[in-house]
1. Which one is farthest from residue 55 (Cα to Cα), of the residues in the range 19-45 that are within 25 Å of the chain's Cα centre (by Cα) and open to solvent by 60 Å² or more (accessible area, probe 1.4 Å)?
2. Return the total of residues in the range 129-154 being buried (at least 18 other Cβ atoms within 10 Å of the Cβ) and closer than 17 Å to residue 85 by Cβ.
3. Within the range 81-114, how many residues turn out to be more than 20 Å from residue 138 (Cβ to Cβ), open to solvent by 40 Å² or more (accessible area, probe 1.4 Å) and free of Cβ contacts under 8 Å to residues at least 60 places away in the same chain?
4. Say we look at the range 1-18 and pick out the residues that are part of a helix (DSSP H, G or I) and of a type in the set (Val, Ile, Thr); which of these is surrounded by the most Cβ atoms within 10 Å (Cβ to Cβ)?
5. Give me the pairs, please: first residue somewhere in the range 116-139 and under 27 Å from residue 106 (Cα atoms) and part of a helix (DSSP H, G or I), second residue anywhere and open to solvent by 70 Å² or more (accessible area, probe 1.4 Å) and at pLDDT 95 or above, beta-carbon distance under 8 Å, and either six or more positions apart or on two chains.
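The values are calculated or read from the model by the stated rules, or taken from the named source; none is laboratory data. Being a predicted model, the structure only gives us computed values, none of them experimental. Glycine also receives a Cβ, built like all others from the backbone with ideal geometry; neighbour counts cover every protein chain displayed. Note: areas computed on protein heavy atoms with side chains; ligands, DNA, RNA excluded. Shrake-Rupley method; radii C 1.70, N 1.55, O 1.52, S 1.80 Å.
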Amino acid sequence: MTTSEKIARAARRILDKEGADAVSTRRVASAVGITAMALYRHYANRDALLNALADAGFADLTQRLQALKLKGTLDRRLITILDLYLDFAFESPRLYELMFLTKREGARQYPEDFRRGNSPTANVAATIIQQAMDEGLFRKDDVWEIVFETGALQQGLMMLYLGGRVSMSHQQFRTYCHRAFRRYIDGIRN
């Protein structure tokens, strides 16, 4: 394992245990057994290290999305994507927060990056939604606005859940998210 990989792994352990605020270059360097100055040869600063963790999270999520066998009705395919996001957030809540909530330099921004197809995690849903519009299942509308809105619905609910503002088990919360998502989908049907 390279030093860069060791640094990323140590930073991820701290992130998973204590959150992004606990990830400092000195603490990570100490966990790896190197000096903070040695860490800077691999990551320019703390922000670069956190960006690398978030980018790795997005790469993992993208890989999981691409591996999905999306079958069935439109609703079933969209709910399958929703479930994947929920599973990811339940497995790695602090990474999820870093990826979707924490302000980061260079993070993709709506609408430009999305419209250019620069969000591999959003592109999957965009393809399905565009297909639904082409087939007349959804009203013609702005595909990227819908992708962003459904993402915001899921991410907002998840952040409230992770923040302890929702008193439900994981399964109850998942069922609630399915209902909320279906209400949104029903609102854009043709």
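1. Keep residues of the range 19-45 that are within 25 Å of the chain's Cα centre (by Cα), which gives 19-25, 28, 42-45.
From the residues that got through so far, the ones that are open to solvent by 60 Å² or more (accessible area, probe 1.4 Å) too are 21, 42, 44-45.
Values: 21: 17, 42: 15, 44: 15, 45: 15 Å.
Once the filter is applied, the top-ranked residue is 21.
2. Residues in the range 129-154 being buried (at least 18 other Cβ atoms within 10 Å of the Cβ) and closer than 17 Å to residue 85 by Cβ: 7 in total.
3. 10
4. From the range 1-18, those part of a helix (DSSP H, G or I) are 3-18; that's our starting set.
From what is left, the residues that are of a type in the set (Val, Ile, Thr) are 3, 7, 14.
Working: 3: 14, 7: 23, 14: 19.
Filtering the range 1-18 for residues that are part of a helix (DSSP H, G or I) and of a type in the set (Val, Ile, Thr), the one surrounded by the most Cβ atoms within 10 Å (Cβ to Cβ) comes out as 7.
5. Here the result reads 122/148, each pair linking the range 116-139 to a residue that is open to solvent by 70 Å² or more (accessible area, probe 1.4 Å) and at pLDDT 95 or above.
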